[in-house]
Each structure stands twice: as structure tokens, then as C-alpha cells.
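A.B. asks: Quick one: structure below, then a few questions.
Every number in this text was worked out from the coordinates using simple rules, so none of it is lab data. Please read these numbers as outputs of a predicted model, since none were measured by experiment. Here Cβ is always computed from backbone atoms with ideal geometry, including for glycine, and neighbour counts include all displayed protein chains.
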Amino acid sequence: MQITPGTAAVVTGGASGLGLASARALAALGVKVAIFDMNAAQGEAAAAEIGGVFCQVNITSEEQVDAAFAKARAAHGQERILVNCAGTGKGGKTVSRDRKTGEIKRYPTEWFDQIVQINLIGTFRVITASAAGMLTLEPLEDGERGVITNTATVAAEEGQIGQVSYSASKAGICGMTLTIARDLSSEGIRINTILPGIFATPPMLAVPKEMFDALAASVPFPKRLGKPDEFGSLVTELVRNSYFNGQNIRLDGAIRMPPR
């Protein structure tokens with residue numbers, strides 16, 4: 001899809017990290033970006049930086065998602081671009097044994113449910129809300145109405161110890177990519193999912209230097225963490241290149257995650 005100035009986009013999780021990098025990359029091309037995020041201070045600052053609009057929203061709430069889309073569309077019009085970066089994790093083994101007491105603990109089902117609700121179901125909720133709006137648009141070249149990009153992780157394929165809920169929820173995103181692409185194909189809406197490796201986002205920049213250096217050294221090439229603007233660059237390419245559809249794409253420097 002040709003990216004023309006004034007095209008509207010929504011980026012969830014757009015107040016920081018990979019979401020902010022995506023919002024910046026799109027805004028640099030003249031796209032009008034609405035940032036969906038829970039962090040009002042960061043979200044307002046990011047929107048001001050790129051000349052966009054901020055919508056405070058928890059993607060586990062149908063009402064908040066619908067209200068955020070209404071606000072974004074009132075400001076910019078119906079979006080043709082959706083980028084889903086909102087997500088989180090909560091670590092812990094499936095079952096573990098306390099080294100001192102021998103007590104056996106189960107990973108709380110409510111934690112698992114919480115992460116799936118945010119990462120997987122929240123992403124799906126946003127997709128359906130955006131795609132329903134895209135159906136009202138006139139088609140462009142090739143009959144295209146819009147493009148959706150999701151964010152998973154390489155842990156969807158190589159989940160490490162303690163990542164059971166995170167890996168499962170992100171694997172679910174990968175699992176629905178092709179099906180949604182097929183569901184929306186007759187309406188001219190494309191969808192792809194990016195699986196980032198280890199990126200230099202705020203949480204990673206906060207780890208001790210020794211750990212940071214070890215993570216960088218574990219990447220085959222280039223031996224560094226990914227740059228958020230490299231993620232943003234791929235987001236824009238997935239919008240531009242209309243033959244990308246139904247794909248789960250790794251962006252990881254050829255890393256394959258070890259068990260821990």
C-alpha cells in the first residue's frame with residue numbers, strides 16, 4: 001500500500017519501546033498516528049513529539065478500545081494502518097520446587113489468564129475493531145483497504161524457562177495470523193506478525209551491563225541488540241509491500257533462544 005501523507009494509523013503500546021519506534025517511523029512518512037497506551041504521561045509526550053493524538057486505553061476492555069477508536073477516528077479519520085505492540089509478561093515456571101523448603105508451587109492460572117487476556121485476546125480485540133472500520137473504506141490499488149501488523153516474539157517459537165504464559169500468548173498471535181489473513185482477504189485487508197529478538201528497549205537498557213553484554217554476544221550477527229528503529233523500518237515495509245500477507249517474520253539477528 002502506498003503510504004501517502006495524511007493516511008491514518010493506530011499504534012497500540014505506542015508510548016514506548018517498539019510501539020514508539022513504529023509510531024515515529026510512520027509519522028516520519030506523513031502518517032497521522034493515534035497512540036493507544038495505558039501510560040498517559042508517556043503517551044501524551046509521544047503524541048506531542050510526532051504530532052499525533054493519544055488515546056488512553058486498556059486493550060482488555062471492549063468499551064475502552066471502542067472509545068479509543070472513536071477518538072482516533074474523530075481526529076484523523078478511519079485508519080488504514082494498525083500496528084499492535086501492546087503486551088506484557090509475568091514470569092514463572094509451570095511447576096517449581098522451593099530450593100530451601102521443598103515446597104511445590106504451581107504457576108497461578110490467574111496469571112496465565114491475565115497474560116493471555118492482554119497479549120492474545122487484547123490483540124484480537126483491537127484487530128476486529130480496526131478491521132471493521134477498514135471495511136468502510138474505499139479500496140486502493142489491488143483492492144487494498146488496510147494493513148495490520150502484530151508483534152509476537154522469538155519466544156513464541158523458543159520459549160525459555162519461566163516464559164510459559166508469555167510464550168503461549170505470543171504463539172497464539174502467530175497462530176492466528178494466516179487465518180485472519182484468509183478471513184480478511186476478500187475485503188482487501190492484509191495482516192502480518194513480526195517476531196522480534198532481543199531489542200534495546202527500556203527494560204533491556206535497564207539490566208546490568210554484564211547481562212546486557214552477554215545478551216549482545218549471544219546474537220550471531222550483528223552482535224548487538226536490535227535497534228527499535230529497525231523494527232519501525234520493518235513495520236513501514238510491511239505496509240508498503242502489498243505482497244506481504246499472512247506471514248510470521250523473525251527480526252532477530254539469527255538468534256535462537258537457549259532454554260535459559
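A.B. asks: Can you name the residue in the range 178-196 that is surrounded by 22 or more Cβ atoms within 10 Å (Cβ to Cβ) and not aliphatic (A, V, I, L, M) and is also farthest from residue 219 (Cα to Cα) among such residues?
C.D. replies: Only one residue tops the list, namely 190.
A.B. asks: Just a yes or no: is a residue in the range 118-132 more than 25 Å from residue 21 (Cα to Cα) and surrounded by fewer than 16 Cβ atoms within 10 Å (Cβ to Cβ)?
C.D. replies: Kept after step one, since they are more than 25 Å from residue 21 (Cα to Cα), are these residues of the range 118-132: 132.
Filter once more, so that each one left must be surrounded by fewer than 16 Cβ atoms within 10 Å (Cβ to Cβ): 132.
Scanning the range 118-132 turns up at least one residue that is more than 25 Å from residue 21 (Cα to Cα) and surrounded by fewer than 16 Cβ atoms within 10 Å (Cβ to Cβ).
A.B. asks: Within the range 32-62, can you find the residues that are of a type in the set (D, E, K, R) and farther than 23 Å from residue 115 by Cβ?
C.D. replies: First, pick out the residues of the range 32-62 that are of a type in the set (D, E, K, R): 32, 37, 44, 49, 62.
32, 44, 49 - these are the residues of the range 32-62 that are of a type in the set (D, E, K, R) and farther than 23 Å from residue 115 by Cβ.
A.B. asks: Okay, next question. Can you name the condition, by its number, that residue 238 falls short on among (1) part of a loop (DSSP other than H, G, I, E, B); (2) touching a strand residue (DSSP E or B) at 6+ places or on another chain (Cβ under 6 Å)?
C.D. replies: The one condition residue 238 does not meet is (1).
A.B. asks: While we're here: Residues 91, 143, 87: which one is within 19 Å of residue 60 (Cα to Cα) and either crowded, with 19+ Cβ neighbours inside 10 Å or not basic (Lys, Arg) (or both)? Explain how you work it out, then say what you get.
C.D. replies: Numbers: 91 fails: within 19 Å of residue 60 (Cα to Cα); 143 fails: within 19 Å of residue 60 (Cα to Cα).
Just a single option satisfies the conditions, and that option is 87.
A.B. asks: Find the residue count for the range 24-46, including only residues that are hydrophobic (A, V, I, L, M, F, W, C) and either in contact with a Cys (Cβ under 9 Å, 6 or more places away or on another chain) or assigned to a loop (DSSP other than H, G, I, E, B) (or both).
C.D. replies: First, the residues of the range 24-46 that are hydrophobic (A, V, I, L, M, F, W, C): 25-29, 31, 33-36, 38, 40-41, 45-46.
From what is left, the residues that are either in contact with a Cys (Cβ under 9 Å, 6 or more places away or on another chain) or assigned to a loop (DSSP other than H, G, I, E, B) (or both) are 28-29, 31, 34-36, 38.
Qualifying residue count for the region: 7.
A.B. asks: Return the pair list, or none, for Cβ contacts closer than 6 Å from residues in the range 209-232 that are among the aromatic types (Phe, Trp, Tyr) to residues that are assigned to a helix (DSSP H, G or I), at least 6 apart or on different chains.
C.D. replies: 231/18; 231/21
A.B. asks: Evaluate the following for residue 231: is it of a type in the set (Phe, Trp, Tyr) and part of a helix (DSSP H, G or I)? Steps first, please.
C.D. replies: Numbers: of a type in the set (Phe, Trp, Tyr): yes; part of a helix (DSSP H, G or I): yes.
So residue 231 passes the test.
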